[in-house]
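The values are calculated or read from the model by the stated rules, or taken from the named source; none is laboratory data. Here the structure is a predicted model, which means the values were calculated and not measured. Here the Cβ positions follow ideal geometry from the backbone for every residue, glycine too, while neighbour counts run over all protein chains shown.
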Amino acid sequence: MRTFVYTSHPARVVFGAGTVGRLGEEVERLGCSRVLLLSSGPLAAASARVRQALGGLLVAEFGGAAMHTPVEVTQRALDVLKEAAADCIVAVGGGSTTGLSKALALRTGLPQVILPTTYAGSEVTPVLGETRDGRKVTRSSPDILPETVVYDIDFTLTLPLPLTVTSGVNALAHAVEALYSADANPITDGQALDAISRIARALPRLAADPADQEARADLLHAAWLAGTCLATVGMGLHHKLCHTLGGSFGLPHAETHTVVLPHAMAYNAPAVPGVMRRIADALGVPDAPSGVYDLVASLGGPTSLRDLGMPESALPRAAELAASTPYPNPRELTREGIAELLAGAWHGRRPEGPPSTQARLARLTERVVASFEQASDPRVRTLLSDLVRHLHTFVAANDVTEDEWQYAIDFLTRTGQMCSPTRQEFVLLSDTLGVSSAVDLLTNSRTPDTTPSAVLGPFYVEGPPETAHGGDISAGLPGVPLWVDARVTDTAGEPVKDAVVDVWQSNADGFYDVQLPELDGPVLRGRLRTDAEGRIAFWSILPSEYPIPGDGPVGQMLDAIGRHPYRAPHLHFMFDAPGHRRLITQLFVSGGAYMDSDTVFGVKDELIVDFAPQAGPTPDGRQVDGEWRRLEYTFRLAPLAG
Ligand code: NAD
């Protein structure tokens, strides 16, 4: 049986996505109505959302929080607080903003609501570190503990990857030191191990996709657990060293934690082998200290104090300061031992331990990336390097098996084998994965004054038949007759003449000519030229929705995920005009099927247009029985750059 003491530090926690919406309610729950908002510059968007959530409860703002809570800054914020007669403090930001909030609460006794945007964990501790005359002094008091924490993962999505890594390792450090703390108990042990495995799981996923919501939620949850450990049990050598390096040498908080942690763990490891085993298991590595080092290195995090700007000459003084006052630590602290530890951290040496899979993978990735260094085209080098990094991270983060990779290769092989001059399975794959639309989105976002572009799709065929003004591209196929009357202008609205316009579409059953071998094509394709007024006009038939071909690997993929294969009905256009950028786009039939779930993600609101139902005489006197449709549209082309 284990005898232990556990002190809980009660705070109300609201956790989720979009929880900022509950902020007003939480302030009122504390019986408050006059809020001072603390924020910081890089968080303008988050602050705006907090302002909106607070509405009339907000009476004043202060935006100047600084790292390590200098007392001069606190005094300025205190003046603002008093002037506004605030009765509650709301802080949105990282540990620095939380620190300022705590310093104000300590001086005024006011309640605090914190919205953390990093993983520092300060929001759940009753501890405050303040800097006065360059010296950092830490104190603990129930008045310092925030009353309410609103964790909103939306606020962490903007945290850049390097800060995500260092802040995540800051949380990892709280959890690691809690496990070998003199005050360790089964409650914090559970929280710490849960935090460690969440961090180990989340960070590689965020390196691959910083907007991964589940990984963000895991990491924020871990930060809360780790902060709770920090609040409850005493920390050891690692926190002492970081405190010294931050306070006396001005090193940045989270980065310093990131560099020092593996070395502090390696120092303590011989004294607590059982704890290190549990940490290694939670991390999923054979050895805890080198595992943490490898994790940081694989994420591109800092690994040496030298890179953080610490002069080598400062190391003896740092060792002396860190060893000067005794404090609980599992292994005895000696000046020489700490000096050696700091030297390792300064040089960025990997702590001893078998090379982990992660380390070997990181080295492999770097070797492949280095092999591109000779590429004469820098863009080729960048694209290939980034592709390889993402692919390797993808393989590692998902623990891809040999069978899965073989399947992927087979899938791509079959995709290639399916391609022919009239069937483009790779375009289909790119389209259904949304990559074509992503590339299109980037291209189009650079020309906001012009007609939006849309994906080319797999059915374009070079060299369509020349079509005269007013001609018919349907070759008498059945369908609702469609009269297209389009103008082509530049961005100033001036007509663009002699533009070559290719059009192509499906028939009334949703097939393109190239899918119908019995059809004597090309049909439902044409090449027109704009006249002096920039106009083209032609007859066709109303396009209908259609499934993309389902007899290849892409169809198989859609089946596997239970997604329908339909495209919303549309007409394709491609414009080539001297002095203008090529425009490839599509017009979608307003009211048509699948507008909200087009299987290639190609529909843009601006491209949904009326194919207006008509009856009676046609523009060119053509005899039509029953309904026909009219499409009128003006396309605006972008000038060639330069
Ligand atoms: P920080 O609060 O200084 O933030 C670092 C930078 O990131 C700042 O420029 C900030 O504006 C920016 N930032 C924060 N969130 C962002 C987001 N979501 N998107 C974009 N930018 C964002 O750094 P930190 O590591 O969170 O906190 C460090 C401070 O907290 C130190 O002073 C440390 O001593 C203190 N701390 C105290 C405790 C405690 O229990 N008392 C615990 C941990 C840390």
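So, in the range 216-268, how many residues would count as being aliphatic (A, V, I, L, M) and within 13 Å of the ligand (Cβ to nearest atom)? So that I can check it myself, show each step before the final result.
In the first step, residues of the range 216-268 are kept if they are aliphatic (A, V, I, L, M); the result is 217, 219-220, 222-223, 225-226, 230-231, 233, 235, 237, 241, 245, 251, 254, 259-261, 264-266.
Checking the rest, the ones that are also within 13 Å of the ligand (Cβ to nearest atom) come to 219-220, 223, 226, 230-231, 233, 235, 245, 251, 254.
Within the range 216-268, residues that are aliphatic (A, V, I, L, M) and within 13 Å of the ligand (Cβ to nearest atom) number 11.
Test Leu36 against the criterion of being under 21 Å from Pro111 (Cβ atoms), among the hydrophobic types (A, V, I, L, M, F, W, C) and surrounded by fewer than 21 Cβ atoms within 10 Å (Cβ to Cβ), and give yes or no. Walk me through it before giving the result.
Details: under 21 Å from Pro111 (Cβ atoms): yes; among the hydrophobic types (A, V, I, L, M, F, W, C): yes; surrounded by fewer than 21 Cβ atoms within 10 Å (Cβ to Cβ): no.
So Leu36 fails the test.
Restricting the range 67-119 to residues that are acidic (Asp, Glu) and assigned to a helix (DSSP H, G or I), the residue that is farthest from Gly18 (Cα to Cα) is Glu72.
Quick one: which residue in Ala91, Ala103, Ala86 is at pLDDT 95 or above, buried (at least 18 other Cβ atoms within 10 Å of the Cβ) and under 24 Å from the mean Cα position of the chain (by Cα)?
Only one candidate qualifies: Ala91.
Looking across the range 413-440 at every residue that is among the aliphatic types (A, V, I, L, M) and surrounded by fewer than 16 Cβ atoms within 10 Å (Cβ to Cβ), the one that is farthest from Leu583 (Cα to Cα) is identified as Leu433.
Kindly check whether there is at least one residue in the range 66-74 that is more than 11 Å from the ligand (Cβ to nearest atom), modelled with pLDDT of 95 or more and over 20 Å from Thr138 (Cβ atoms). So far as the range 66-74 goes, no, none of its residues is more than 11 Å from the ligand (Cβ to nearest atom), modelled with pLDDT of 95 or more and over 20 Å from Thr138 (Cβ atoms).
In the list Thr158, Thr166, which residue meets the criterion of being more than 26 Å from Glu83 (Cα to Cα), more than 7 Å from the ligand (Cβ to nearest atom) and in contact with a helix residue (DSSP H, G or I) (Cβ under 8 Å, 6 or more places away or on another chain)? After applying the criteria, what remains is Thr166. If I filter the range 408-419 for residues that are part of a helix (DSSP H, G or I) and within 30 Å of Ala271 (Cα to Cα), do I get at least one hit? The answer is no; no qualifying residue exists. The single residue among Val589, Val624, Val600 that is assigned by TED's automatic domain parsing to the domain that holds Thr450, in contact (Cβ under 8 Å) with a residue 40 or more places away in the chain and more than 44 Å from the chain's Cα centre (by Cα) turns out to be Val624. Scanning the range 113-142 for residues that are over 30 Å from Leu206 (Cα atoms) and more than 12 Å from the ligand (Cβ to nearest atom) yields Arg132, Asp133, Gly134, Arg135, Pro142. Only residues that are over 10 Å from the mean Cα position of the chain (by Cα) and among the hydrophobic types (A, V, I, L, M, F, W, C) were counted across the range 198-212, and they come to 4. Look at (1) charged (D, E, K, R); (2) more than 18 Å from Gln586 (Cβ to Cβ); (3) surrounded by 14 or more Cβ atoms within 10 Å (Cβ to Cβ) and you find that Asp399 fails only one, number (3).
In the range 417-475, how many are touching an Asp or Glu at 6+ places or on another chain (Cβ under 6 Å) and either small (Gly, Ala, Ser) or in contact (Cβ under 8 Å) with a residue 40 or more places away in the chain (or both)?
6
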